[in-house]
Amino acid sequence: MTEVINPTAMEHSNTNDATKDQVPSTTQQEQSLAPNGADSPQNEEAQNLPVEEPIYQLTIKAPNGASISIAVTAQEPIQNIKQVVTETADTMEYSCFSLSYNGTRLNEFTEIGEIADLPMEAVLEVVEDTYTEREARIHVSRLIDLLAGPDAIVPESAGIDAGVSLLSKVKYPDGIEATDLKGHTEDNESAAASGSESGEKRENGGKSNGKKKKTQDNSQPDEESKAFSESTFTKDHPFVEYSSEIPAPLSFISKKFNSQGGTTSEKLPKCLKQLVLSGWNPVPRYRQLRGDLLYLLVTTLEGESYHITASTKGFFVNQSSLTRFNPSPRTTQQLNGHAKKPNASKKDTSSLYSHSLVNLLNKLSKQFQVHYARLHQWMQSRDALEILPFSSSFHAAVPWMVVGSKNDQLASIGTSLSPKQDVLLNGAGHFNTNSYDVSRTQQVLLRNGSRGVEGLRDWNDDLQTLRELPRENLSERVLRDRQIHKWQAEFTEAAVAGAMAVVDGELLPINPLDPVDQQMYLRENIFYSKGTDSRDTFAELGGDEAAHVATGKDIEGVRLINRIDPKSIHTLGSVVVDYRGTRVVAQTIVPGIFSSHSEKQIVYGSIDNGKKIESSEDFHQVVKDEISKALHLPEHQVKDEDGKLYTLYTSVETKGIIGTDQRKYLLDLYRLNPVDIEFFEESCQKESAEGHEAYPHKLVFLRRELIDIFWDTRVRQAIQEYMANNKASEEKANEDKDGGNGSDEKEEKTEKETLEEISKEGQMVQEQLEKLSLTLEFNPDLFTSADISENLKDEENVDNQHKTLREASKFLRDVVIPSLVRDLSTYSVSPIDSSSLTRLMHRRGVNMRYLGLIAKLLESGSAEEKEAVASSEEKTESNEEEKGGEKDEEKKEDQEKLASQGFAGAHVFTLVIREMVVRATKHIVRKAFRQTPLELHPEAFAHVLNCLLGSRVNADPSSILSKDAKETSALASLTTDSLIDLIKKDVGQRYQYTLPEDLVEKYIHNCEGVLLREVCKALGAQLHSRDYRFVKVSEEELLDNVKNAIKAPTKGRSSPNVNGQGQKLTKQQRNALKEKAKEESNRPTTFMADDVCNFYPLVTEASHFSSFVDEASEAGSIALSRGQRELGLELLLESLTLHEQTYGFLHVETGRCYASVAMLYYQANEVAQACQFMQKAAIICERTQGLDSSESIFNYLNLGLLEHSQSNTLTALRYVRHALDLWSMVDTPGHPDRSTAFSNIGAMLQHYRLYEESLKYFQHSTKTLTNAFGEKNIITATSYHILAKSYTLVGDLQKAMEAEQIAYRVFLEQLGEDDKRTKESKEWLHELTASAVQLAKLDKLARIQKQNMLNKRAATHKPVAATSSKSSKSGGKSKAEIGSKAHLSIDELMDYIHGTNSNPRPSSKN
């Protein structure tokens, strides 16, 4: 049975479903920082890991004959098993059914373990249920979505093409032919005999005991690679025309996504012309009594129209028409036009009823039956994760470049271009055009019923009820967290829709008489407000800037409380939405907050910045017990305006409220973290020494990650001091411990003992901490406007808190940031884009406001490095003068190379500068949007892009602004020079850094595509997919390119003047091409308003943290590090299962877990399974983080490595090529990590004996490393060593010697003579030298023999052939034969180089 996707994270397999595609994974460039002791996964809960929990093997049998095998735990509810049935391809036609065991219907909320007498292997049956109106609507809506396909427009999504994946397009660039699909299905059916392998594999700790069925994709070389001969591969592999210096066109993603490969199987079959609700709805009351629920109108591909009734028993065709209502069932005779049968007078309607609408349509339309079968087959050919729908559109990644709907100017004349011709014009080969579909307008009615909504939802009560669910054991925690994450997804979906309505002006405020910025909104029990300082709450802290920051910090505070997960303290559901320049905050409603006595509900903190303060003893005790210790919050006293003292743990601004539901709520959590006092005093109160303005607001806090790192560092120091003071007792304890843990006993530990040991280690650390007299607390009210009491009783504590906070702030500036800069300079960590840089800095506890300081440290490090290089050069010169200056010319060349290399970290420095420019541009555009009408936002955004990136096309883009835009001062006054000045000013104020005068020439020109991507993603903009030109192109040049494209034959065709379908272009089409080329060359600016397709909201949510999902992964890693392979792999799979059960499949964390598990499996030599997990990770990452995210790039690179390990080299090269094309869009060339990809490409090409081509990529790798690290670096030297071997394979021993000499010199200087690498390089260099000498002798001998042969021929006048034959017999070799050794195999070539075989035989073909 074949494994299929289970949305509830259970393992299951389907007898008729397609085999799973492989699964990708990404290596994490930076590991997450270890949490502090309070959050450590090594606690007593590690004992609850379900490694020995029994697994039920269930078989689900459907009425249509399909069978599904599922492996589930005892805690799995029946409801989740039903969801598996509805998501499986062979049974997705069922939506209204129940499951039964031995004829007994099972309740949806019953857990498997609660079913009486259920054996470990049982059979459940699908029983068709009676429909209700709701179930009928769901059934019809699901069928409409199914027929539309997974890539159809999702009305709920705010972004175009959200949540798509390209993996199948990359793997099969020409599409999957119908024959391949047939074979694919046959393989699946034959694999069904293997049983529910996924469950068995996970039960056996990842081992299949050699019985695993080999799949087509993973366990053996792919058929496409096998079919390729070496000569075909040489011409058609993905890197034939690749150039590392030329970035991929901006539109290549959309072209790849919209390409159909010329195959009919990749084109989604159309099954119906129309499926809509009939105009006879709603059902009359008297027909409701007969069981009618809905009326549908269906038009088949044959052109027949049917009025169908959805009744309580199923679906049937009625006798209604567009003009006459007759709900009676239509008979078979009426449908067949009075069929000629003996009993024609007898009515037979039994065959017209069907419980499933799909089955009824199969009976009514032959074409529907055929096309639906093709659709089903097409879905089976895709990985289930590619077509799995999102539970919330919020989780779907939105691409920044999409295909427009009206930019194909040639569609009206029927022109179809080849991809090569089309890319020269507008960069997109296919365009998504909107289609007429009445059913889309009826989706709201189908999903919500005739009343619009099925009732207002109390979001807050639902959330708090879920949080109060029991969580005593792992099963209860999994169920609780799964429901909370589901609630969060649904709430975010509703909140984003409401926030967009607020910005678009579609909601009426609840206070319409107040100013616009003060207006609040209420929709579906969700409260909305804007992130501005409308009531002067932050007047002294920065006004609107401070209010904007406070909303984001509040979300971080809610997330922090949710991570602690207290039992008695509650937080609100919160979402922050940035949409078209406006920040909107959406929150659930505290019960009773809108009542007239709402002020009496506030029992903790202040609502007026400390003028009046409340402090309830009961609330204070709860905060102490559940929050203060985890957050290191000290108890402190503050004064109100009357001088009265109040004792608090949280900041004054944090409010404690008791709702009418008697629950305790904490609100306004933006001050949970303390002030960054060093930055505050230096940058927030006065201008900097460099003349920059003061920071725009005063809400500058330390990140929680920094506090955890600082706390952990101090605790480690305290433990070391404690151990030093008790050295004798500690040594004795260590001796006892060493004596009782022999190596033999360690190997014999059981799984339970290992988990207990992990738990004991965590308890020992906790016991040591309790013995320490360490006081490390962070007062959030220090250095704020709060009036903190400093009486004698608290004076010492306050002084210690001041000291601790200042030390933490200095620790950030003096320790953490320099350490980060050092790692960046040496490329120990190597971010490639904005998101990876941001993620890295946050993990290290560094705020983004320190980008300027990082840039300064990188610059100062480069200056120190250059000084060191200069001093070393001076010493070298003096030494050479003493030796007589024998190598002056050689040293001069080395110095020129070093001078051209720049400095270590130069690439990261450029990334940091670019990040500051992008963030400054975001602030400018956000301000411009607020001053511009909504209908002018596309033009405003295009104008900013033209000023920033298109100055070389049009230096004055303001001249083409529309009349309305010119009347808007924010746009009319914006020019290229003024925008650059604003960017420099913003960077100076926010990052305290002075951008260079040549900013445009040095950091913007030639990297416009990278900046364009970052700006669009930062502002939530989607552009039309085209290859934007950032340099003016003449009409003549573009016309020449078009003519060459028309004349150039397309791949697979030799006829000129052809279009994408192999047809000759007509004269009209050729003229249209020329007109289009002229239009492209005459574009007045790089960007036009029509190029802006959409703005989508950027969402920040206060997600719930599920700590236990990482506990199994942590335990598995520990077990693997201790050599317990089977236990480690089993725990990793348990961790993956927990991720799936808690977050669902399409979630960022689940994708990262797949990636981590894949790489660990690869390290454990389980390559086939690692490849499957890695492919899953790649699909999830593409759909949740973006097609061009940094993690997607590394997923594809790792997937290529895994495929190559299985001899699927062609597929591997496709993955690597796609990753490098993405990389060229994300980052400028020169990143050192690209060298690894180039080396892998070279190794893959050598697999096909393409030594000349592989040499080019080894050269790219060496050049990249040399530019990044310099020539005198061990990493670079290793690359030269590999390059020398590559030169040897092509027979160029001279260059091989030169490369090896560089490697040997560096190894000798850096590692010494005794190092293994130095010895290997020396030996290899010696052999190369000897071989070169021998080759020179042979070459000289060949020349002598050739000259003798010519002299003899001149004397005897014998034919050359005879002389050549004689010379050949005598063992002579020609110069050509000696000079080129590429025809030899590697072993023969190595024998030749070593001199062990002077007469090698030709290599045999494999």
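The values are calculated or read from the model by the stated rules, or taken from the named source; none is laboratory data. The structure displayed is predicted, hence computed values, not measured ones. Cβ coordinates were reconstructed from backbone atoms using ideal geometry, including for glycine residues, and neighbour counts include every protein chain displayed. Accessible surface areas use protein heavy atoms only, side chains included; no ligands, DNA or RNA. Shrake-Rupley method; radii C 1.70, N 1.55, O 1.52, S 1.80 Å.
Output yes when any residue across the stretch 1190-1209 is at positive phi, among the hydroxyl-bearing types (Ser, Thr, Tyr) and touching a residue at least 12 places away in the same chain (Cβ under 8 Å), and no when none is.
yes
Out of the residues in the stretch 572-619 meeting the condition of being touching a strand residue (DSSP E or B) at 6+ places or on another chain (Cβ under 6 Å), open to solvent by less than 40 Å² (accessible area, probe 1.4 Å) and assigned to a loop (DSSP other than H, G, I, E, B), tell me which one is farthest from Asp661 (Cα to Cα).
Within the stretch 572-619, the match that is farthest from Asp661 (Cα to Cα) is Ile613.
Quick one: count up the residues across the stretch 298-315 that are assigned to a loop (DSSP other than H, G, I, E, B) and touching a strand residue (DSSP E or B) at 6+ places or on another chain (Cβ under 7 Å).
2
Name the residues in the stretch 1193-1227 that are in a loop (DSSP other than H, G, I, E, B) and either more than 20 Å from the chain's Cα centre (by Cα) or farther than 19 Å from Leu1265 by Cα (or both), would you?
Gln1206, Ser1207, Asn1208
What helices (runs of 4 or more DSSP H) completely inside the stretch 944-1031 contain at least 3 residues that are open to solvent by less than 30 Å² (accessible area, probe 1.4 Å), of a type in the set (A, V, I, L, M, F, W, C) and in contact with a strand residue (DSSP E or B) (Cβ under 9 Å, 6 or more places away or on another chain)?
1008-1019
Within the set of pairs 6+ apart or on separate chains, which have a first residue in the stretch 286-301 that is on the phi > 0 side of the Ramachandran plot, a second that is β-branched (Val, Ile, Thr), and C-beta atoms under 7 Å apart?
Every condition considered, the pairs that remain are Gly291/Thr312.
Does Asp504 count as of a type in the set (D, E, K, R), open to solvent by less than 30 Å² (accessible area, probe 1.4 Å) and either in contact with a His (Cβ under 8 Å, 6 or more places away or on another chain) or at pLDDT 90 or above (or both)?
Judged against the criteria, Asp504 is not a match.
Would you check if there is a residue in the stretch 91-110 being touching a strand residue (DSSP E or B) at 6+ places or on another chain (Cβ under 6 Å), buried (at least 18 other Cβ atoms within 10 Å of the Cβ), in a helix (DSSP H, G or I) and in contact (Cβ under 8 Å) with a residue 12 or more places away in the chain?
no
Checking the structure you have, find out if any residue of the stretch 638-649 is modelled with pLDDT of 90 or more, under 10 Å from Pro780 (Cα atoms) and out of contact with any Leu (no Cβ under 8 Å at 6 or more places or on another chain).
Checking the stretch 638-649: not a single residue is modelled with pLDDT of 90 or more, under 10 Å from Pro780 (Cα atoms) and out of contact with any Leu (no Cβ under 8 Å at 6 or more places or on another chain).
Are there any pairs with C-beta distances below 8 angstrom linking a residue in the stretch 1296-1310 that is farther than 18 Å from Gln1259 by Cβ to a residue that is of a type in the set (A, V, I, L, M) and surrounded by fewer than 17 Cβ atoms within 10 Å (Cβ to Cβ), with the two at least 6 apart or on different chains, and if so which?
Phe1307/Ile1274; Gln1310/Ile1274
When the residues of the stretch 919-928 are filtered to those that are touching a helix residue (DSSP H, G or I) at 6+ places or on another chain (Cβ under 6 Å) and open to solvent by 10 Å² or more (accessible area, probe 1.4 Å), which remaining residue is farthest from Pro996 (Cα to Cα)?
Ala928
I want to confirm something. Restricting to the stretch 507-523 and keeping residues that are modelled with pLDDT of 90 or more and surrounded by 13 or more Cβ atoms within 10 Å (Cβ to Cβ), which single residue is nearest to Glu935 (Cα to Cα)?
Checked the stretch 507-523; the qualifying residue nearest to Glu935 (Cα to Cα) is Leu507.
When the residues of the stretch 175-187 are narrowed to those that are open to solvent by 60 Å² or more (accessible area, probe 1.4 Å) and under 25 Å from Ala1177 (Cβ atoms), which ends up modelled with the highest pLDDT?
Asp180
Would you pick out the residues in the stretch 1276-1294 that are at pLDDT below 90, open to solvent by 30 Å² or more (accessible area, probe 1.4 Å) and part of a helix (DSSP H, G or I)?
Gln1294
Report whether or not Leu631 is in contact with a Gly (Cβ under 7 Å, 6 or more places away or on another chain) and either at positive phi or of a type in the set (A, V, I, L, M) (or both).
Judged against the criteria, Leu631 is not a match.
Working only within the stretch 807-861, note down all residues that are among the polar types (S, T, N, Q), outside any helix (DSSP H, G or I), within 24 Å of the chain's Cα centre (by Cα) and closer than 22 Å to Trp1223 by Cβ.
Passing the criteria: Ser828, Ser830.
Tell me which of these Ser1156 doesn't satisfy, since it passes every other one: (1) over 20 Å from Glu76 (Cα atoms); (2) more than 17 Å from the chain's Cα centre (by Cα).
Among (1) over 20 Å from Glu76 (Cα atoms); (2) more than 17 Å from the chain's Cα centre (by Cα), Ser1156 violates only (2).
Before we move on, is Val496 outside any loop (DSSP other than H, G, I, E, B), in contact with a helix residue (DSSP H, G or I) (Cβ under 8 Å, 6 or more places away or on another chain), modelled with pLDDT of 90 or more and surrounded by 15 or more Cβ atoms within 10 Å (Cβ to Cβ)?
So Val496 passes the test.
I need every pair where a residue in the stretch 433-455 that is farther than 16 Å from Gly279 by Cα has its Cβ under 9 Å from the Cβ of a residue that is open to solvent by less than 60 Å² (accessible area, probe 1.4 Å) and at pLDDT 70 or above, sequence separation at least 6 or different chains.
Note: pairs meeting the criteria are Arg447/Arg137; Arg447/Ile138; Arg447/Ser141; Asn448/Arg137.
Taking only the stretch 272-295 into account, find how many residues are crowded, with 16+ Cβ neighbours inside 10 Å, within 41 Å of the chain's Cα centre (by Cα) and outside any loop (DSSP other than H, G, I, E, B).
The number of residues fulfilling the criteria is 3.
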